Amino acid sequence: MDTDETFPLRDALDRAAGELPPLPDLVPLAVREGRRRRARARFATAAAAFGVVTAGALGLTLLPGSGPAPAMPAAPPSSPAASGSPEVSARPDASYPPVVVEETPGVPPPDNPDGLSEAERQRRAVHQQRVAALLDELLPAKVTEIRPVKDKVAGYRITADGTSFHLTVSVRPTDDLTLDECPDRPDPRIVCETVAFGGDHEAQLLSLATNEPGTSASYVRFVYGGSRVRLSVEPEGVSSPVTPRQLLAVAEDARFLDLVKDADARPVEEKEPPVIVGG
C-alpha cells in the first residue's frame, strides 16, 4: 500500500534511474562468450579423443601422439612481429594434442623421421600450436576439432560433422616466387580467382573437383617473402567442409600473417626443390 512517505522515495528513485547511462550493448559480449564456449567445446573434444580414429575420407589411421614427442606449450604466445598485432586469442590454458598419422594402417611411422634435434622439433611443435590456436578461432563453427599432426609441421587434422579431414598450412621456402595462372578456359570442375588481401598481397583461390562427382577440395595460395604459402583441405569422396573464402579469412588475419612472416624468416619446412623442366 502506498503511503505519504513512499511517494517522495519513489520520486527520488525515478530521478536517480533517469540519470543513469543507458545499458551497454550486450551483443559483442555474447559473441565473445560464444567464441569462448566454442573453443572450450573444441578443446574438450580434442582432449577426449585418445582412442584410435580411422579417417575414412583420408584412408589413414590417426593415433594420439605418443612416445618422446616435444612437450606441447599450454599457452602458445604469438610470434614476435613488427606489426604489433595482438597475441593469439585462444583459451589461455588450451593446447592442441598432436596426432600420429599411419599412412599404412597398423604400421606406426618412425619417431622423428627427419632426424631433427630436440630443440628444432620443439620449435616446429610450437609453430603448429600457434597455427592450431588461430585455426580454432577463425575456421567456421562446423569445424569442431583441430589437432596438429606430429612430426608433419604443415599437417593438421580437423573434424566437421563427425568426419575427419586433412588440412595443410604450409610456408615453404622457394626460388620460384610465381603463382600458376588460373585456367584461361572455363572448366566446370575448377573455380579459380585471384584476390587482393592484406594491402599488398595477392592470393589465388581454387575449388577443384575431387574423385567423386559433386565434391571439391579447397585451396588458397600466395607468396610471402621468399616462401610459397598454401592452405588447403583435400578430401576424397566428399567435399571440403571449408571453402576457399573461409581459408582466405584465416590467411588475411594479421596474426596469421605474423606467423607466416616468422616462418619465412626462420623456416619450419625444407626448401622446395627446383622444377625439372621436361622431367
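The values are calculated or read from the model by the stated rules, or taken from the named source; none is laboratory data. Keep in mind that what you see is a predicted model, and the values were worked out from it rather than measured. Methodologically, a virtual Cβ is constructed for each residue, glycine included, from the backbone with ideal geometry; neighbour enumeration extends over all protein chains shown.
Glu137 meets the conditions (1) among the charged types (D, E, K, R); (2) assigned to a loop (DSSP other than H, G, I, E, B); (3) under 20 Å from Lys261 (Cβ atoms) in every case but one. The failed one is (2).
Considering only residues in the stretch 252-264 that are surrounded by fewer than 22 Cβ atoms within 10 Å (Cβ to Cβ) and of a type in the set (Asp, Glu), the one that is nearest to Val195 (Cα to Cα) turns out to be Glu252.
Looking at (1) surrounded by fewer than 17 Cβ atoms within 10 Å (Cβ to Cβ); (2) part of a strand (DSSP E or B), can you tell me which one Ser170 breaks? Here Ser170 meets the rest and fails (1). Screening the stretch 265-279 for residues that are among the hydrophobic types (A, V, I, L, M, F, W, C) and surrounded by fewer than 17 Cβ atoms within 10 Å (Cβ to Cβ) and picking the one that is modelled with the highest pLDDT gives Ala265. Quick check on Pro173: is it under 16 Å from Leu139 (Cα atoms) and touching a Ser or Thr at 6+ places or on another chain (Cβ under 7 Å)? Against the criterion (under 16 Å from Leu139 (Cα atoms) and touching a Ser or Thr at 6+ places or on another chain (Cβ under 7 Å)), Pro173 does not qualify.
Just to be sure before I move on: is Val100 assigned to a strand (DSSP E or B) and at pLDDT 90 or above in the structure I sent? It is true that Val100 is assigned to a strand (DSSP E or B) and at pLDDT 90 or above.
Any residue in the stretch 147-154 that is under 10 Å from the mean Cα position of the chain (by Cα), outside any helix (DSSP H, G or I) and among the basic types (Lys, Arg)? Checked against the condition, which is being under 10 Å from the mean Cα position of the chain (by Cα), outside any helix (DSSP H, G or I) and among the basic types (Lys, Arg), the stretch 147-154 yields at least one hit. Among the residues of the stretch 198-232, the ones that are surrounded by 17 or more Cβ atoms within 10 Å (Cβ to Cβ) and in contact (Cβ under 8 Å) with a residue 40 or more places away in the chain come to 12 in all.
Here the condition is being surrounded by 14 or more Cβ atoms within 10 Å (Cβ to Cβ) and not aromatic (Phe, Trp, Tyr); of Thr159, Thr178, it holds for Thr159 alone. Residue count for the stretch 226-251, restricted to those that are modelled with pLDDT of 95 or more and not in a helix (DSSP H, G or I): 12. Could we say that Ala249 is surrounded by fewer than 18 Cβ atoms within 10 Å (Cβ to Cβ) and within 13 Å of the chain's Cα centre (by Cα) here? Judged against the criteria, Ala249 is a match. Leu116 falls short on exactly one of the conditions (1) in contact (Cβ under 8 Å) with a residue 24 or more places away in the chain; (2) more than 21 Å from Arg221 (Cα to Cα); (3) in a loop (DSSP other than H, G, I, E, B), and that condition is (1). A Cβ distance below 9 Å, combined with a sequence gap of six or more or placement on separate chains, defines the contacts here; from the stretch 159-187, residues that are farther than 17 Å from Tyr219 by Cα and touching a residue at least 24 places away in the same chain (Cβ under 8 Å) reach residues that are surrounded by fewer than 18 Cβ atoms within 10 Å (Cβ to Cβ) and among the basic types (Lys, Arg) in the pairs Ala160/Lys142; Asp161/Lys142; Pro173/Lys271; Thr174/Lys271; Asp175/Lys271.
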